[in-house]
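Engineer: One structure follows; several queries about it will come next.
The values are calculated or read from the model by the stated rules, or taken from the named source; none is laboratory data. What you see is a predicted model; the values in this text were computed from it and never measured. Because the Cβ atoms are built from the backbone with ideal geometry, glycine has one as well, and the counts that use them run over all protein chains shown.
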Amino acid sequence: MTDPTAADLPAVIPGQVTVDEVLAEVQLARGQGAPVSGELVSPLDELASTWTATLVGTPQTQATYAKAIRRFVAWAGPSAGAETLSLEALSAYHAHLARPTPDGRRRAPATIRKERSALNALIRWALEHELVDRRQGELALSVRLPHAKRAARERPTALTEHLYGRLLAAAEAQKTRDQVQGARDVAIVRVLGDAGLRCEELAHLDRRDFLPARRGARVRVLDVRLGKGARQRHVRLTPSAARSLVAWDRARTTAFGPAPADAPLFVTLGRRRRNGSYAHPGRRCHEPVLDELVKRLGRRAGIPAELRRAHVLRHTMATRWAARPGANLEVLRRQLGHADLKTTQIYMQADDELDEREVLAFDAGAIALERDAGPSSG
C-alpha cells in the first residue's frame with residue numbers, strides 16, 4: 001500500500017479548527033465584532049479579553065474595567081502571559097502609575113485604586129478558573145499601595161468668572177461661522193459649566209432626557225440616568241442653559257431633520273462640506289470630543305492651556321456655586337451627584353484672601369459695638 005501524496009489529503013481535516021477561525025474567535029472575544037486576518041495578540045491579551053466578555057455590571061463599570069486592563073496589557077508588552085499577573089509585575093506597574101504622565105500630570109490616588117480594582121478582579125477570576133498558579137495569584141493580590149502622607153487636598157482647578165465668560169463668548173462667536181456648530185458648542189459649555197455634569201454623563205444623555213417644564217416650575221431639568229456609581233438624578237438647569245439647549249435642538253432639526261426621542265442629545269458633526277452639510281454627524285460626544293471642543297474654544301478665548309479641559313467646567317460650576325453667600329452645599333451635592341457631602345466640601349476650602357476679609361469685617365463689627373457701648377464705668 002502506497003503512502004498518500006499531499007494531493008490525496010483533504011484540504012481541511014473534518015473537525016479541525018482553521019487558523020482563520022481561531023483569529024475570528026479571538027477577535028469576537030475582544031468585542032470587535034468582525035475578525036481581522038493576521039493580527040497577533042499576547043497570551044495575556046487573550047486572557048484579559050475572555051475575562052472582559054464575562055463582566056457583569058453597569059455599562060460604565062464594564063467599560064472602566066476593560067480600559068484599565070487594556071492599559072495593563074499594553075504596559076506588559078506583546079509577549080506577556082498569565083505569569084505577568086505576579087507580585088513583581090504588579091508592584092512595578094504600581095510604580096509606573098505613581099510616576100508623572102508624559103504631559104507632567106500625576107494620577108490621582110482614586111485613579112490608581114480603580115486600576116488596581118480591575119486587576120484584582122481579573123486575578124480572582126483567573127484563580128477561580130485555575131488559569132494562574134494559586135501561590136502566584138495570592139501573592140499578586142497581596143500587593144498594597146504605599147501609604148502616602150495625608151496632605152491637604154487642593155481645591156480643584158476652575159475658571160474664573162471672567163475666563164468662563166470669555167469661553168462662552170468664543171462659543172457664541174462660532175455661530176457667525178457655523179450656526180449649527182455654534183449652537184451645539186454653546187449648549188455643551190452651558191450644560192458643563194452651568195449644570196456641572198461629568199463628561200460621560202453628558203455623552204449618555206438622550207433628547208428625551210431634556211425634560212419638559214413642569215407646570216409651575218421655573219427651571220427645566222435634565223434626567224441623568226447614567227451617573228457615577230449607576231446613580232440617577234435630576235439636574236436643574238439655569239434658564240441660560242435651558243435656552244441654549246432649545247436653540248441647539250432647533251438648529252439641529254433645521255440641519256438634519258427631526259431626531260427621535262432616544263437620539264443622543266449632543267452629537268458630533270464631522271467636517272463641514274462646501275455645500276453646508278456635514279461629513280459624519282450623529283455620534284455621541286464622549287470626553288475626547290468634549291476636550292477637543294473646549295481646547296479649540298479655549299485657544300480662541302485666550303484661556304491658559306492647563307485649563308482647556310472639559311472637566312474643568314464642572315469644577316467651575318461648583319466653585320462659582322460655593323462662592324455665593326449662603327451657598328447650600330447639600331443642594332450642590334445633589335446637583336453634582338456626589339455620594340458624600342465631604343467630596344462637595346473641597347469647593348469650600350479656606351481661601352487666605354477671603355479669611356482676611358472675614359476677620360477684618362468681624363473686627364470692624366466688634367469696634368462698632370465697643371463704640372456704641374461707650375467708655376466703661378469700672
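Engineer: Somewhere in the stretch 255-262, is a residue assigned to a loop (DSSP other than H, G, I, E, B) and either touching a strand residue (DSSP E or B) at 6+ places or on another chain (Cβ under 8 Å) or within 12 Å of residue 184 (Cα to Cα) (or both)?
Structural biologist: There is at least one residue in the stretch 255-262 that is assigned to a loop (DSSP other than H, G, I, E, B) and either touching a strand residue (DSSP E or B) at 6+ places or on another chain (Cβ under 8 Å) or within 12 Å of residue 184 (Cα to Cα) (or both).
Engineer: For residues in the stretch 296-329 being free of Cβ contacts under 8 Å to residues at least 12 places away in the same chain and over 27 Å from residue 166 (Cβ atoms), which is surrounded by the most Cβ atoms within 10 Å (Cβ to Cβ)?
Structural biologist: 328
Engineer: So residue 291 fits all but one of (1) assigned to a helix (DSSP H, G or I); (2) touching a Lys or Arg at 6+ places or on another chain (Cβ under 6 Å); (3) loosely packed, with under 15 Cβ neighbours inside 10 Å; what number is the exception?
Structural biologist: (3)
Engineer: Taking residue 48 as meeting all but one of (1) farther than 25 Å from residue 133 by Cα; (2) at pLDDT 55 or above, write down the number of the exception.
Structural biologist: (1) is the only condition that residue 48 fails.
Engineer: If you go through the stretch 189-198 one residue at a time, do you hit one that is crowded, with 16+ Cβ neighbours inside 10 Å, assigned by TED's automatic domain parsing to the domain that holds residue 318, in contact with a strand residue (DSSP E or B) (Cβ under 6 Å, 6 or more places away or on another chain) and not basic (Lys, Arg)?
Structural biologist: Within the stretch 189-198 (the criterion being crowded, with 16+ Cβ neighbours inside 10 Å, assigned by TED's automatic domain parsing to the domain that holds residue 318, in contact with a strand residue (DSSP E or B) (Cβ under 6 Å, 6 or more places away or on another chain) and not basic (Lys, Arg)), the answer is yes, since at least one residue qualifies.
Engineer: Condition check: more than 27 Å from residue 232 (Cβ to Cβ) and surrounded by 12 or more Cβ atoms within 10 Å (Cβ to Cβ). Does residue 121 satisfy that?
Structural biologist: Spelling it out, it is not the case that residue 121 is more than 27 Å from residue 232 (Cβ to Cβ) and surrounded by 12 or more Cβ atoms within 10 Å (Cβ to Cβ).
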